[in-house]
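Okay, so here's the structure we're looking at.
A short reminder: the numbers here are calculations on the coordinates, not readings from a lab. Bear in mind the structure is a predicted one, so any value in this text is a computation, not a measurement. Note that we place each Cβ from the backbone using ideal geometry, even for glycine, and neighbour counts take in every protein chain shown.
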Amino acid sequence: MIAPIRRLLVLFVRILIGARSEWRGCAPDPVSRIYFANHNSHIDTVAVMAALPYQVRRMTHPVAARDYWGTSAFRRFIAEKCLRAVLIDRKPPPDTDPLAPVERVLEEGRSILIFPEGTRSTTDEIAPFRSGIFRLAGRFPNVDLVPIHLDNLQRILPKGSMLIVPITCTARFGKPLRVEPGEEKAEFLARARATVIELADGGPAA
Amino acid sequence: MTSLFSIVLAAILGLLAVASAIGFILQRRATEPGSIATVQNLNARIRSWWIMVAVLGGAILLGETSTVVLFAFLSFMALREFWTLTPSRRGDHLALFLSFFVVLPIHYVLLGTEWYGLFSIFIPVYAFLILPAVATLTGDVNEFLARSARVQWGLMLTVYSISHAPALLMLETGTSPALLLVYLVVVVQLSDVFQYVWGKLLGKHRFSPNISPSKTIEGLVGGGASAILVGTLLYRLTPFSPLQAMAISTVIVVAGFFGGFVLSAIKRDLNAKDWGYVIEGHGGVLDRLDSITFAAPLFFHIVRYWFT
């Protein structure tokens, strides 16, 4: 029952905003990965999922904020059922681990999609990354981290607007990276952020 | 119309079959990397032509409504390609939303309901006045004139101009209006194809390396003349005499040429090679319809003024 709805959602998103993919630094292999992307609008989660080929999409779980995607039955349906999202608390109660459900997905050999800026930026500037991605990379040293740059989302659905302008969004997938031995948190976060920025400028061809 | 239309469609499909066969032979003969790439692109173009002919031919066979809906969708895709390459600011957001989801649908509804008076002024007058007015509400004056001009150009090129091709369906000339649309599309597209073929075979002198590096004088002259010849021979599809058909095909070919040229100039200005990616081998919808944007309104008004 849910499968055709998922297909329809992908088709709808592709007609509306293109959701085109460009694999510059790696191939769309169905292996366990941590995808991370810049965050400009509420539709970037759907945009990346629609840009992924079916074999990759079916094993990828976007990590979404519960305080947005969990607030109504409709959003919860889109997030949990259609996108197979893992909802997490951005302001977790003390003594809980908000990343625990994300780690369970990776332990099962599946992939996740995260937005390390944490919140949507209001400019073209990519905000500094939060540390969750570093922790995940440390706990899963054999999983590749794949940077994604999404363009035009700022113009498609800017923060503060509810109106979608159907400009084409391209998702560019960069070269996978991992935490280097002895690499500090700040150093790694800056390097990961730089790979996304590099893709924004057109980046090196594959 | 059905019998004449079927003959034209059969002829086009026959031509495509010949083209596919030539492409197949060339593919087996090509040995150097450069020529292999050219032949691959040629074959991708031919494959896409099959799809385009099937889609447009199918829509025309289904009737006027489906033809208008198809062109509305093509305008939508073209407008999206235009705005994907053209920069916009936060202050343009509402004007862009209205372009896609209010102006475009209303314009095509006016076309579908054959309300010619409002159809012809809705975008040039009402959208022209209302969209900049909406944009002022955000208070962003940065590049205001340039931004308003882009909004209007996007609509004029991709919605208003292109819609004059299906608008031929509302003209009563005593002959089948669908055949007029077929005539326009055949002459414009054959002109592009002939220019490509002549240019590849004989092209030496570049027409304007700045704007369109692949256009050559040999391609333009040979391709244009070939298309005018075909346009003259096809006069039976139209209410024109052979001599009129020749003159009108000349207008279509020259307008089509400048349509491609102006849209290429815009592309160069925006540092892009193609408008989009949805048509394999050709680029975007706007790469295929660039000649139509200039040829359709001129052809429409020539027919409307002298033949209705």
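Within chain A, the longest run free of exposed loop sites, counting GluC sites (Glu not before Pro) that sit outside DSSP helix and strand states (H, G, I, E, B) and have at most 13 other Cβ atoms within 10 Å, spans A:1-107.
Every pair of different Cα atoms in region A:93-206 enters the Kirkwood calculation, which places the hydrodynamic radius at 15.8 Å. From largest to smallest, the equivalent ellipsoid semi-axes obtained for region B:64-163 from the alpha-carbon gyration tensor read 24, 14, 10 Å. Against the compact-protein benchmark of 2.2 N^0.38 Å, the Cα-based radius of gyration of the protein assembly as shown scales to 1.10.
Ordered by the count of other Cβ atoms within 10 Å of each Cβ, fewest first, B:211, A:167 give B:211, A:167. The mean count of C-beta atoms from other chains within 10 Å of the C-beta of residues in A:160-166, rounded to a whole number, is 6. For chain A, modelled as a GNM with alpha-carbon contacts under 10 angstrom, which of A:48, A:165, A:105 fluctuates the most? For chain A, modelled as a Gaussian network with Cα springs under 10 Å, the answer is A:165.
With all projection directions averaged, the alpha carbon convex hull of region A:8-164 covers 9.4 nm². Translational diffusion coefficient of region B:11-99 (Stokes-Einstein, Kirkwood radius from Cα pairs, 25 °C, 0.890 mPa s): 151 µm²/s. For B:198, B:153, the sequence from fewest to most other C-beta atoms within 10 Å is B:153, B:198. I'd like to know which of A:106, A:27, A:52 lies farthest towards the positive end of the charge dipole of region A:2-200, counting +1 on Cβ of Lys and Arg and -1 on Cβ of Asp and Glu. Selected residue: A:52. A Cβ-based charge dipole, computed about the Cα centre of chain B with Lys and Arg at +1 and Asp and Glu at -1, lands at about 640 debye.
Taking chain A as a Gaussian network, where each spring joins two C-alpha atoms under 10 Å apart, which residue of A:138, A:182, A:25 fluctuates the most? Most flexible of the set in this elastic network: A:182.
Neighbouring Cβ atoms from other chains, within 10 Å of the Cβ of residues in B:70-83, number 2 on average.
If I build a Gaussian network model for chain A, linking alpha-carbon pairs within less than 10 angstrom, which residue out of A:92, A:116, A:128 has the largest mean-square fluctuation? In this elastic network of chain A, the residue with the biggest mean-square fluctuation among A:92, A:116, A:128 is A:92. Only one residue of B:219, B:116, B:185 has its Cα farthest out toward the positive end of the dipole of chain B, where Lys and Arg carry +1 and Asp and Glu -1 on Cβ, and that residue is B:219. Value of Rg to Rh for region B:169-308, rounded to two decimals, is 1.00; Kirkwood radius and Rg both from alpha-carbon coordinates.
Listed by Cβ neighbour count within 10 Å, with the fewest neighbours leading, B:102, A:56 appear as B:102, A:56. Helices meeting the span-like rule in chain B (full DSSP H runs, Cα extent of at least 30 Å along the helix axis, mean Kyte-Doolittle score of 0.0 or higher): B:2-29, B:33-62, B:64-85, B:177-202, B:242-269, B:285-307. So what is the 222 nm mean residue ellipticity for the protein assembly as shown from helices alone, if each DSSP H run of at least 4 adds -39500 (n - 2.57) and you divide by all residues, rounding to the nearest 500 deg cm²/dmol? Calculated at 222 nm, the ellipticity per residue is -18000 deg cm²/dmol.
Within the same chain, aspartates and glutamates fewer than 8 places from residue A:175 are excluded, and of the rest, those with a Cα less than 17 Å from its Cα are A:22, A:29, A:144, A:198, A:201. Within chain B, the longest segment free of exposed loop sites, counting trypsin sites (Lys or Arg not before Pro) that fall outside DSSP classes H, G, I, E and B and have at most 16 other Cβ atoms within 10 Å, spans B:90-203.
Sorting B:247-255, B:180-188 by their mean Cβ neighbour count within 10 Å, with the most densely packed peptide first, gives B:180-188, B:247-255.
When the P(r) is computed for chain B, the part past 25 Å accounts for 51% of the Cα-Cα pairs.
When you restrict to C-alpha pairs under 8 Å that are six or more residues apart and normalise by the size of chain A, the relative contact order lands at 31 percent.
Based on C-alpha pairs under 8 angstrom that are at least 6 apart in sequence, chain B has a relative contact order of 19 percent.
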